[in-house]
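As structure tokens, the structure follows; a few thoughts come after it.
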Amino acid sequence: MRKLALAVMLVFSATVMAYSGTLHPDLIQKLNESQDDELIRVMVTMEAQADFQQLVDATANLTKPEIREFVVTYLQDLALTTQQDVKDYLESFESSGKVKKLQSVSIVNMLHCMAVPEVLRDMEGFPGVMWVRLDPERFMLFDRKVDENNHPGLDATDEIAWGVSDINADDVWLMGYNGSGAIVGVVDTGVNYNHMDLADHMWDGGAAYPNHGWDFYNNDNDPMDDGSWFGGHGTHCSGSVASDGTAGSQCGVAPNASIMAVKVLSGNGYGSEGPVISGIDFAVQEGADIFSMSLGWQSTSQKYEFRTACNNALAAGVIGAIAAGNEGDALGSYPVPGNVRTPGDVPPPWLNPDQALTGGLSCVVTVGATNSSHTIASFSSHGPVTWENVNPWNDYAYSGGSQMGLIDPDVSAPGENIKSLNFQNIWGYSDGWSGTSMATPHVAGTMALMLSKNPSLTPADICMYLENTALDWGSAGKDNIYGAGRIDALAAVSAVPGGTIPDVDFTIDPTGSTSLPASGGTLYFDVNLSNNEATPTYVAAWLEWTYPSGGSSGTLVLRNLNLSPGGNIARSLWLSVSRSEPDGNYTLWARAGSSYGGTIYAEDSFPFSKGLDNASPGEWISQTKLFGWDDDEGTAIAGRGNLAPTEFALLGAYPNPFNPETAISYQLSAVSLVNLTVYDVNGRLVTELVNGWRDAGVHEVVFDGSGLASGIYLYRLQLSGSGATPTTATGKMVLMK
């Protein structure tokens, strides 16, 4: 692979950005104010930079591991061949102490170091150097809002932390996915890698990295989380990714994911941008699938370097979960479009169709914070953001209207009063931490769960599934407060294709007559659901029927069940079929799977019939509901109801994503004039599914995308007529072929 990269390098034309003058104005000012022996932190960015699109094109037919190897090797070779002169120059001053902490970076073709003024002044006009910029050390963590006395309290209570259960991560574990196989680089203050909740699944760095990562702040091989109060930030964030509950509480979304410790800040939260970019470089080079970064700058001159780093990470197939910032309640001081911190303002790997103004892609999923009441935290920073004045992209212009900027955040996650690991006590926990810093590792952990089900997912896949399955709170669609909504780990993982199908059995057998009169009647039957696995298994179990016309009823009953190892549920149930259902031959199905509309694990059926009358065949009109099991494998609750819905609702499309058919369901509380249409993302009408009067009840219409291209489609339901208040509702669905 290295030979391939070197060969391609001969034909790649690296992007070269020419600027008049090498020393940046802020550095010149600093030099004029400094003493001769003062060591000044700088970043030295080279003119030759990798061309993102060429990297993408060159790796189009490679596997995911091959893509990473190709991109990493190419970037390393580009740095090796273009940095040598400036590196030799700076290294010549190390023995005298005039240059310290020199590090070379390849994710962006750059170096960073500390140097005295005379060394830096002589770099003016240095061949091959784009610019030399000041890189001061600053406090880089977000202000935390914590419990009483502004200090996190130690809490060793055994539990599943509320943020973990709030996004349904514990239900994903029962499906058999716990983050195993995924590596998450936590770019922060370091990690107490001896904590009992992490020690057995830290990243194995071999002899080169015996302490599971690297310390770029001190430039050594021990990324231990240290310092005083803020020293626990990286350990707390790592716990929200992968705490497994060994010490008592389960605080991690992906308890078997591997944590790579990437220390880029002091234990007290101070650092500069060069080491942070080195941290991203390390995570990409050493095999992290995800990097989680709960830090950023409210204003920075290094926006070019951060977007370049994230672009090249995307080219290598790596995704980042990055905090939006905590200035949402300080818009007076940090107004839009500058409220979201860098690099949280870098674009995502997939553009939601609500992002009508398009621009370049990158690897960043920006994260906002929600609370236990499912509302956005007051401090959570929000967009839009813009890159209109940053070369060479100059995209996502912002001035209102069609110049909407880039929507940020992309998603939200629990970020108030979060419990996770204590860095000073390997058996301890700290409670009450708040910030988008705390929300971000919940998203990184969910990404790890998704990859444990399907390791081949690309960053674009991960971003799309996260956004399309998020709970859409706030304004309809993706917005600048919640993003696409609060993540739902169970829905996201269920939507991901692939994975190992659990060994379960589901049978259904009639116990009464299967021939019903035209006036309707009752079906009696037994169901038996068995888990043949030696581990607990999560299943969604549901009933549906196939109509005489061939269409499906959609779910008639749905129960989410946690089956114990070798567990079994047997029930005698009954279902009422109303007069209004079409006459003909039916099939009643019992199905179990990852979710309704997801992968089916087991199914069984029996036929039944209903006599002829004047009911019109076509879309289903049903007022029946069946309650068969409670959620904890308890006593059956038999019953039925024939009441019309009390309110209008657009129930959604199932399955979603789909190929090639999905069923769009809605309910009416009164007779209504219904118009149901489907549009592509450009607003062009694809088809009209319904245009006419419909009775009160639950309705389902099948949409067939056989002749359409993969992509996002929107469906719109409009109600009018004497029996209904004029109403419009929309939804989106994804056709994946």
For the stretch 649-735, what is the charge dipole size about the Cα centre, in debye to the nearest 20, if Lys and Arg each add +1 at the Cβ and Asp and Glu each add -1 at the Cβ?
-> 220 debye
Please list 68-79, 498-509 highest first by mean number of surrounding beta-carbon atoms within 10 Å per residue.
-> 68-79, 498-509
With a ≥ b ≥ c from the Cα gyration tensor eigenvalues, square-rooted, and the rule rounded for a/c under 1.5, otherwise prolate when a/b > b/c and oblate otherwise, the stretch 232-339 is oblate
Principal-axis tilt of helix 303-315 within the chain, Cα atoms, nearest 10 degrees = 50 degrees
Summing -39500 (n - 2.57) over the DSSP H runs of n ≥ 4 in the chain and dividing by its residue number, what mean residue ellipticity at 222 nm do you reach, to the nearest 500 deg cm²/dmol?
-> -5500 deg cm²/dmol
Separation between the Trp427 and Asp526 pseudo-spin-labels, each 7 Å from Cα along Cα→Cβ, expressed in nm?
-> 5.1 nm
Fraction of beta bridges assigned by DSSP in the chain that are antiparallel (%, nearest 5) | 80 percent
Roughly how many Å is it from the Cα centre of the stretch 198-230 to that of the stretch 655-719, as a whole number?
-> 53 Å
Can you give the angle from 0 to 90° between the axis of helix 64-82 and the longest principal axis of the chain, with both taken from C-alpha atoms, to the nearest 10?
-> 20 degrees
If you put +1 on each Lys and Arg Cβ and -1 on each Asp and Glu Cβ, how big is the dipole of the chain around its Cα centre, in Debye rounded to 20?
-> 1380 debye
Of Pro657, His699, Leu719, which is farthest along the charge dipole of the stretch 649-735 in the positive direction, counting Lys and Arg as +1 and Asp and Glu as -1 at C-beta?
-> Leu719
What is the spin-label model distance, in nm, from Ser378 to Asp51 if the labels are put 7 Å beyond Cα along the C-beta direction?
-> 5.2 nm
Calculated from the structure, volume of the Cα convex hull per residue in Å³ equals which of [x] 172; [y] 252; [z] 184?
-> [x]
Which FRET efficiency value, to the nearest 0.05, is calculated for Glu688 and Ala460 with the Förster distance at 30 angstrom and r the Cβ-Cβ distance?
-> 0.45
Can you give the charge dipole size of the stretch 166-495 about its Cα centre, rounded to the nearest 20 debye, using +1 on the beta carbon of Lys and Arg and -1 on the beta carbon of Asp and Glu?
-> 280 debye
The exposure ranking of Arg559, Arg133, Arg684, Arg138, fewest beta-carbon neighbours within 10 Å first, is Arg684, Arg138, Arg559, Arg133
Fewest Cβ neighbours within 10 Å first, please rank Trp350, Trp203, Trp693 accordingly.
-> Trp693, Trp350, Trp203
Assign one of three labels to the stretch 504-622, namely rounded, prolate or oblate, based on the Cα gyration tensor with a ≥ b ≥ c the square roots of its eigenvalues; rounded applies when a/c is under 1.5, prolate when it is not and a/b is larger than b/c, and oblate otherwise.
-> prolate
Determine the relative contact order of the chain: mean sequence separation of Cα pairs under 8 Å and six or more apart, normalised by residue count, in whole percent.
-> 10 percent
What ranking, highest mean first, results for peptides 581-587, 317-323, 96-102 when packing means the other Cβ atoms within 10 Å averaged over each residue?
-> 317-323, 581-587, 96-102
Stretchable slack from Trp162 to Asp122, in nm (0.36 nm times residue separation minus alpha-carbon distance) | 8.8 nm
Difference of contour (0.36 nm per residue) and Cα-Cα distance, Ser519 to Arg716 | 67.5 nm
Highest mean packing first, using Cβ neighbours within 10 angstrom, the peptides 535-546, 440-451 sort as 440-451, 535-546
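Mind sorting Lys737, Lys453, Lys30 by how few other Cβ atoms lie within 10 Å of their own Cβ, fewest first?
On the way: Lys737 12, Lys453 24, Lys30 19.
By the 10 Å Cβ count, ascending: Lys737, Lys30, Lys453.
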Choose one of Val276, Tyr538, Ser266: the residue whose Cα lies farthest towards the positive end of the charge dipole of the chain (beta-carbon charges +1 Lys, Arg; -1 Asp, Glu; about the Cα centre).
-> Tyr538
Per the 1/(1 + (r/R0)^6) rule, R0 = 45 Å and r from the Cβ atoms of Leu62 and Leu471, FRET efficiency to 0.05 is 0.80
Zone of Leu331's modelled label, taken as backbone nitrogen in the stretch 372-393 under 20 Å from a point 7 Å along Cα→Cβ = 375-387
Taking 0.36 nm per residue of separation and subtracting the Cα-Cα distance, what length does fully extending Asp680 through Ala199 add?
-> 168.3 nm
Across the stretch 174-183, in residue order, what do the Karplus-derived ³J(HN,Hα) couplings come to in whole Hz, using 6.51 cos²θ - 1.76 cosθ + 1.60 with θ = phi - 60° and x for Gly and Pro?
-> 5, 7, x, 10, 9, x, 4, x, 9, 10
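So, counting K/R as plus one and D/E as minus one, what does the shell of residues with Cβ under 15 Å around Met43 add up to?
+2
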How far, in degrees from 0 to 90, does helix 273-285 lean away from the longest principal axis of the Cα atoms of the chain, to the nearest 10?
-> 60 degrees
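Rule-based calculations on the coordinates, nothing more; no lab input. What you see is a predicted model, and the numbers here were worked out from it, not measured in a lab. Don't worry about glycine lacking a Cβ; one is built from the backbone with ideal geometry, like all the others, and counts go over all protein chains shown.
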